[in-house]
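The structure under discussion appears below in the form of structure tokens.
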Amino acid sequence: MKKLLLLLFILFLIPFANAQDIKLNGTISAENNQIKNVSDPTEAQDAVTKAYIDALIATLQSQIDDLHPNSGYISYGDQVWTVKNAKMVTYRDGTPIPKVNNYQTWQNLTTGAWCYYNNDITKGKLYNWYAVMGIHDTNPNTPNKEFAPEGWHVPSDAEWTTLEEYLIANGYNYDDATTGNTTTGNNIAKAMASTTGWNSSTAAGAPGNATSLNNSSNFNAFPEGYRDEYGNFNYEGSEAFFWSSDEDDFYEARFRYLFFSYSGLGRNHYYKQYGFSVRFVRD
């Protein structure tokens, strides 16, 4: 009953709003009550409260981003790429991807697996190519799983090439006195590399040279290193490796890489047992 009476009272006052000169800009109303504008506070204590809430929201969003494998992405032309490495521990349908620490077990795998670099939980996650392709058992008649979350997929070799060509054509090649602002060739490593983690190099345009100038493209490739077909860990600080979804033959698959002393985005193929980082592209 009280709520009904309050509603009727408010409706009664609406026709008199203009007569009372009530403004929605933070000024004083006829009853000497300030109309609060939460998006643009007029009082110091309200501004402090807003700043606190904004900072809290930013902190919570950052924590969510760290937990979610696909939070944080960027458009390059018609493509949308994640700018963080995959952190998947299950396939899309919830089936677990086995975590394999033992080097002998790793080298004999023909199904999907992941590990931390050097089995250190503070390092990034590495995946063999079987995980990338959703090969979760040894039965050839079993359908493969989806590795990427809904709406995303592991980039093909051709999609990596599309990204490479976009960066070259749009001013992300390394510039120096000899190359100028080129839109040909492949000198995009520095623009793709993170600003931390790289071994030092004196090579022009290399990720390891003047690392604070890296990452102009915001791709943020970190040198996680890799796990080889024998289960050994190598090249942390020197290289960032990323699988593509394309196999080269029965034994090997294609990937892209950045090297601390090389100015280009590299392309090669290695055994499917290798453990590399993974990025996603939006469907």
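The values are calculated or read from the model by the stated rules, or taken from the named source; none is laboratory data. Source: prediction; values computed, not measured. Positions of Cβ are backbone-derived with ideal geometry, glycine not excepted, and every protein chain shown enters the neighbour counts. The protein model used for the area step is the full one, side chains on, heavy atoms only, and it has no ligands, DNA or RNA in it. Shrake-Rupley method; radii C 1.70, N 1.55, O 1.52, S 1.80 Å.
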For residue 105, the accessible surface traced by a 1.4 Å probe with all protein chains present amounts, in square angstrom to the nearest 10, to 70
Take the alpha carbon atoms of the range 205-254, find their radius of gyration, then divide it by 2.2 N^0.38 Å using N residues; give the quotient. 1.42
For the full complex of protein chains and a 1.4 angstrom probe, list 116, 127, 270 by accessible area with the highest value first. 270, 116, 127
Full-extension gain in nm, residue 195 to residue 169, via 0.36 nm per residue minus C-alpha separation: 7.1 nm
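Over 26 Å between C-alpha atoms is what I'm after, so list which of 145/272; 87/272; 84/272; 50/84 land there.
Violating the 26 Å limit, Cα to Cα: 50/84.
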How compact and how long is the range 86-165, expressed as Rg and Dmax of its alpha-carbon atoms in Å? 13.6, 39
For the range 206-215, in residue order, the Karplus 3J(HN,Hα) values (coefficients 6.51, -1.76, 1.60; θ = phi - 60°; whole Hz; Gly and Pro = x) are 8, x, x, 9, 6, 4, 5, 8, 6, 6
If you take the charge dipole of the range 229-276 about its Cα centre, with +1 on Lys and Arg Cβ and -1 on Asp and Glu Cβ, which of 263, 276, 231 is farthest toward its positive end? 263
With a 1.4 Å probe and all protein chains left in place, how much accessible area per residue does the range 141-274 have, in Å²? 45
Round to the nearest 10 and report in Å² the accessible area of residue 99, as given by a 1.4 Å probe over the protein chains' heavy atoms. 100
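Give me Rg over Rh for the range 122-180, both radii from the alpha carbons and Rh done the Kirkwood way, two decimal places.
My calculation of the ratio gives 1.20.
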Apply the Karplus parameterisation 6.51 cos²θ - 1.76 cosθ + 1.60, with θ equal to phi minus 60°, to every residue of the range 234-248 and state each ³J(HN,Hα) to the nearest whole Hz, in sequence, with x for glycine and proline. 8, 6, 4, x, 9, 9, 10, 10, 9, 5, 9, 8, 9, 8, 8
Can you give the direction-averaged projected area of the convex hull of the alpha-carbon atoms in the range 188-283, in nm²? 6.3
Can you give the accessible area of residue 81 in Å² (nearest 10), computed on protein heavy atoms with a 1.4 Å probe? 0
